[in-house]
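Below is one structure, written out as structure tokens, with a few remarks after it.
The values are calculated or read from the model by the stated rules, or taken from the named source; none is laboratory data. Keep in mind the model is a prediction, meaning the values are calculated, not measured. All Cβ positions, glycine included, derive from the backbone under ideal geometry; neighbour counts span all protein chains shown. Protein only, heavy atoms only, side chains kept; ligands, DNA and RNA dropped before computing areas. Shrake-Rupley method; radii C 1.70, N 1.55, O 1.52, S 1.80 Å.
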Amino acid sequence: MKKITLSILLSIFLCFAASAQEDLLTMNLGISSGIPIYGDQNQNLFATQIETDKRVIVGTFLNANLNLIKQVSFYIGAELLTDFNWKDYSYKHFLHTGFPLGIKVYPGLGGLNLGLAYELGFRSDFYQLPNGSPVNNSMAWGNGFKLHIEYNFAHTSKIKNLPIIGCSWNLMPRGNYSYDNLLIFYLGLNF
């Protein structure tokens with residue numbers, strides 16, 4: 001009985017894989033930037049004492065996509081969004097790390113897709129007062145979610161090394177009834 005069930009599941013999997021436009025397994029690697037909106041306005045006493053005039057928000061991501069049929073892809077990934085703020089010798093830096101597991105749905109408009117993902121992640125904070133020692137703090141791991149809209153140029157093309165462009169909204173709990181909202185814009189490459 002187990003062999004018959006396994007044979008049927010393998011046959012279904014191979015039929016879906018044969019009908020997919022893209023390769024069965026694809027990867028996306030890219031860069032991102034965005035707008036982090038921190039839920040707790042008084043994140044740390046040190047953070048409120050530091051005034052900064054320079055800020056850079058940059059990130060990266062890597063996703064593995066399982067393309068069983070043309071209309072649906074499942075993906076798993078890793079993301080890092082950094083928020084660097086500094087002035088002279090003072091700084092406050094925030095590193096957002098996330099691991100999404102989700103689904104992409106293609107409604108039939110070329111490579112346009114909509115996605116929803118469960119995301120596990122945390123934030124690390126680094127502070128330096130003008131006349132003090134550095135402080136490192138990690139927030140608790142949170143179970144959040146991610147919504148995205150993107151255009152994958154390789155989805156309807158026979159060329160697989162084409163770009164993707166998109167934006168996402170991540171809602172990540174940070175403990176003490178505080179949530180970070182991350183609006184992220186990204187550009188990547190399929191391979």
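Tabulated data
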| item | result |
| --- | --- |
| Inter-residue pairs, beta-carbon under 6 Å, first farther than 24 Å from H148 by Cα and in the stretch 109-129, second assigned to a loop (DSSP other than H, G, I, E, B), 6+ apart | Q128/P134 |
| Residue list for the stretch 127-151, filter: open to solvent by 50 Å² or more (accessible area, probe 1.4 Å) and in a strand (DSSP E or B) | N136, N137, S138, N143, F145, L147, I149, Y151 |
| Within the stretch 85-101, considering residues that are modelled with pLDDT of 95 or more and open to solvent by 50 Å² or more (accessible area, probe 1.4 Å), the one farthest from the chain's Cα centre (by Cα) | L101 |
| Evaluation of A154 against (1) modelled with pLDDT of 90 or more; (2) outside any strand (DSSP E or B); (3) touching a Phe, Trp or Tyr at 6+ places or on another chain (Cβ under 8 Å) (one fails), failing number | (3) |
| Selection from the stretch 175-191 of residues that are assigned to a loop (DSSP other than H, G, I, E, B) and of a type in the set (S, T, N, Q) | N176 |
